[in-house]
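A.B. asks: Before we start, here is the structure in question, set down as structure tokens.
The values are calculated or read from the model by the stated rules, or taken from the named source; none is laboratory data. What you see is a predicted model; the values in this text were computed from it and never measured. Here the Cβ is made from the backbone with ideal geometry for all residues, glycine too, and neighbour counts use every protein chain on show. Accessible surface areas use protein heavy atoms only, side chains included; no ligands, DNA or RNA. Shrake-Rupley method; radii C 1.70, N 1.55, O 1.52, S 1.80 Å.
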Amino acid sequence: MLRKKLIAGNWKMNCLSKEGTDLAKAIAAKVKQENYNCDFLICPPFTLLSLVKKCLRGTKIALGGQDAHFAVKGAHTGDISPLMLADLGCSYTILGHSERRTDHHETNKIVCQKAIAAHAAGLKTVICIGETEAQRDEGKTIKICQDQISGSVPEDSTAKNTVIAYEPIWAIGTGKTPTAADVQEVHAAIRQALVKKLGKATAARMRILYGGSVKPGNAAELLSLPDVDGALIGGASLKVDDFIAIAKNATK
Ligand code: 13P
């Protein structure tokens, strides 16, 4: 298989200790029960990383942060460095999620700097891109995504250290999704942008996840698309049965 599917849960700013550890333990137990032919990643809030790490022991589920600073250490109150994530046992971090781009004014350039720092710290990155509803209505989706790939993905990216997540902003948490044909068209265009940026061989091996209202009911169709290599799941990743039901579609 050229690209093994990745099923990733982004817990966002959810779960206190008990809820988070219960959820992680339940997911770990289910993943151990069966032989899933996909990779798993869970990205809890920073506060739960150590606790969740313990719950995932003995499983193949990777742990990730939801953001990381571009500096290794220093005077950056409230921020977390990629080395700190690695130190806690994370192997991934999400970067450039639309909620970070909106709430914290992160630009493509900042996301790119963060990715370089994360890779230097030994982390793999899930670099998020996606258009707003207004941009889609204006027919700018592909141009926006190509620009985000060009600006947010560093030159040092490889298929091993980088995953792309296409998340149309208007589909996040809304229950709305693009049609399967639209998702495939955008993913294929993203892969073309990766060819331009990183070359054919790397682009062919780099995973491109879809995110935005992925649920058990639409996972089969989305995950069967030729350029969809997994899912970045928000709301449904907080429900063990939904998260696992989605993963079952990734193994087919
Ligand atoms: P939802 O699955 O809740 O739409 O969130 C998607 C997302 O933003 C994952 O990063």
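A.B. asks: In the range 194-230, which residues are small (Gly, Ala, Ser) and open to solvent by less than 20 Å² (accessible area, probe 1.4 Å)?
C.D. replies: 203, 211, 212, 213, 219, 230, listed by residue number.
A.B. asks: Quick one: would you say residue 191 is open to solvent by 30 Å² or more (accessible area, probe 1.4 Å) and either touching a residue at least 24 places away in the same chain (Cβ under 8 Å) or polar (S, T, N, Q) (or both)?
C.D. replies: Criteria not met by residue 191.
A.B. asks: Only one of these conditions is not met by residue 117: (1) more than 23 Å from residue 88 (Cα to Cα); (2) assigned to a helix (DSSP H, G or I); (3) within 18 Å of the chain's Cα centre (by Cα); (4) not acidic (Asp, Glu). Which number is it?
C.D. replies: For residue 117, the failing item is (1).
A.B. asks: Looking at this structure, is residue 99 in a helix (DSSP H, G or I), within 17 Å of residue 211 (Cβ to Cβ) and not polar (S, T, N, Q)?
C.D. replies: The answer is yes for residue 99.
A.B. asks: Still on this structure: Looking at the range 166-188, which of the residues that are more than 15 Å from the ligand (Cβ to nearest atom) and more than 22 Å from residue 152 (Cβ to Cβ) is surrounded by the most Cβ atoms within 10 Å (Cβ to Cβ)?
C.D. replies: 180
A.B. asks: Now a separate question. Are there any pairs with C-beta distances below 9 angstrom linking a residue in the range 235-249 that is more than 16 Å from residue 6 (Cα to Cα) and among the aliphatic types (A, V, I, L, M) to a residue that is within 15 Å of the ligand (Cβ to nearest atom) and not in a helix (DSSP H, G or I), with the two at least 6 apart or on different chains, and if so which?
C.D. replies: 238/9; 238/11; 238/12; 238/14; 238/15
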